[in-house]
Amino acid sequence: MNYDDRFEVVHKEGGAFGYQRTILVDKETGVNYLFVQSGYGGGLTVLLDAEGKPVVTK
């Protein structure tokens, strides 16, 4: 698998002042990640369900 093809963007939304939320899925593991960007800062974390377990897309 080509590195560029490993992650798929499944949801993207933005707001004022460059605020953006993106959900990515790792195609190898199915794990969902949340990326939030605001201005020059940003963060990436595993998306968790109500029980605190990682969200996995099959």
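The values are calculated or read from the model by the stated rules, or taken from the named source; none is laboratory data. None of the values given here were measured: they were computed from a predicted structure. Heads up, the Cβs are rebuilt from the backbone with ideal geometry, glycines too, and the neighbour counts pull from every protein chain shown.
Among the residues of the stretch 23-52, just one is at pLDDT below 95 and in contact with a Phe, Trp or Tyr (Cβ under 6 Å, 6 or more places away or on another chain), namely SER38. Residues that are among the polar types (S, T, N, Q) and not in a loop (DSSP other than H, G, I, E, B) were ranked within the stretch 18-32; the one that is surrounded by the fewest Cβ atoms within 10 Å (Cβ to Cβ) is GLN20. Just one residue in the set VAL36, VAL9 is exposed (fewer than 11 other Cβ atoms within 10 Å of the Cβ), assigned to a strand (DSSP E or B) and either among the polar types (S, T, N, Q) or under 11 Å from the mean Cα position of the chain (by Cα) (or both); that residue is VAL9. Please verify whether GLY30 is small (Gly, Ala, Ser) and farther than 20 Å from LYS58 by Cα, treating the condition exactly as stated. Against the criterion (small (Gly, Ala, Ser) and farther than 20 Å from LYS58 by Cα), GLY30 does not qualify.
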